[in-house]
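Asker: Before anything else, here's the structure in question.
The values are calculated or read from the model by the stated rules, or taken from the named source; none is laboratory data. The shown structure was predicted, so the numbers you read here are calculated from the model rather than taken from an experiment. We place every Cβ from the backbone using ideal geometry, glycine too, and count neighbours over all the protein chains shown.
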Amino acid sequence: MTQRYYRARLVGAGPFVPVKVWHGLPFIDGEEVDRSPRWQALVGLETTGRAILMGDDVPVEVEGCTLRNLEPIAEHDYRFMVDHQRWAQVADPAHPKANPKRAINFNTVKLPF
């Protein structure tokens with residue numbers, strides 16, 4: 001199973017979300033299903049793989065969403081981004097990473113200091 005890691009935006013001016021791409025058995029609700037292997041992607045904190053169309057080692061089309069500003073990253077960066085997004089949803093729902101499908105409003109976002 002070949003795995004690749006990316007970061008992408010779901011909307012313009014939105015936060016980056018982690019994207020994991022692999023070729024293997026379908027992944028539904030956190031479990032592998034006994035079906036034919038295919039290219040899939042996990043976007044953000046999802047537990048069900050999305051079917052994708054690959055082109056030149058980069059996902060061209062992901063089922064149900066558009067990926068903007070796609071950049072390759074290392075696995076440890078992917079894991080950090082997943083943990084950070086999970087933290088944002090629990091500890092600070094107003095944080096831009098808590099809802100990555102919404103553009104960041106720089107006039108209302110809290111400053112980190």
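Asker: If I ask for residues that are farther than 20 Å from I73 by Cβ and either among the charged types (D, E, K, R) or modelled with pLDDT of 85 or more (or both), which ones from segment 14-55 would you list?
Answerer: Across segment 14-55, the qualifying residues are D29, E31, E32, D34, R35, R38.
Asker: Go through segment 86-100 and give me each residue that's assigned to a loop (DSSP other than H, G, I, E, B) and surrounded by 10 or more Cβ atoms within 10 Å (Cβ to Cβ).
Answerer: Going through segment 86-100, the residues assigned to a loop (DSSP other than H, G, I, E, B) turn out to be 92-95, 99-100.
Selection gives D92, A94, H95, N99, P100.
Asker: Further, regarding this structure: Filter segment 10-55 for residues that are closer than 17 Å to M81 by Cβ and in contact with a Pro (Cβ under 7 Å, 6 or more places away or on another chain) and give the result.
Answerer: Across segment 10-55, the qualifying residues are L10, G14, P15, V17, V21, A41, G44.
Asker: Only residues that are assigned to a strand (DSSP E or B) and at pLDDT below 75: list them for segment 56-72, please.
Answerer: Within segment 56-72, the first condition is being assigned to a strand (DSSP E or B), and the residues that meet it are 58-62, 65, 68-72.
Once the filter is applied, which keeps residues that are assigned to a strand (DSSP E or B) and at pLDDT below 75, segment 56-72 yields V58, P59, V60, E61.
Asker: Also, quick follow-up: Consider segment 1-15. How many of its residues are surrounded by fewer than 19 Cβ atoms within 10 Å (Cβ to Cβ) and of a type in the set (A, V, I, L, M, F, W, C)?
Answerer: Going through segment 1-15 one residue at a time, the tally reaches 3.
Asker: Looking only at segment 1-28, which residues are touching a strand residue (DSSP E or B) at 6+ places or on another chain (Cβ under 8 Å), of a type outside the set (F, W, Y) and in a strand (DSSP E or B)?
Answerer: Q3, R4, R7, A8, R9, V17, P18, V19, K20, V21, H23, G24
Asker: I'm checking my understanding of the structure. Among residues of segment 29-49 that are charged (D, E, K, R), under 25 Å from L10 (Cβ atoms) and in a loop (DSSP other than H, G, I, E, B), which one is farthest from the chain's Cα centre (by Cα)?
Answerer: It comes out as D29.
Asker: When you go through (1) under 13 Å from the mean Cα position of the chain (by Cα); (2) within 20 Å of T47 (Cα to Cα); (3) surrounded by 11 or more Cβ atoms within 10 Å (Cβ to Cβ) one by one for G64, which number turns out not to apply?
Answerer: All conditions are met except number (3).
Asker: From the list A103, A74, which residue is exposed (fewer than 13 other Cβ atoms within 10 Å of the Cβ), of a type in the set (A, V, I, L, M, F, W, C), within 17 Å of R7 (Cβ to Cβ) and in contact (Cβ under 8 Å) with a residue 24 or more places away in the chain? Give the derivation first.
Answerer: Details: A103 fails: exposed (fewer than 13 other Cβ atoms within 10 Å of the Cβ).
Just a single option satisfies the conditions, and that option is A74.
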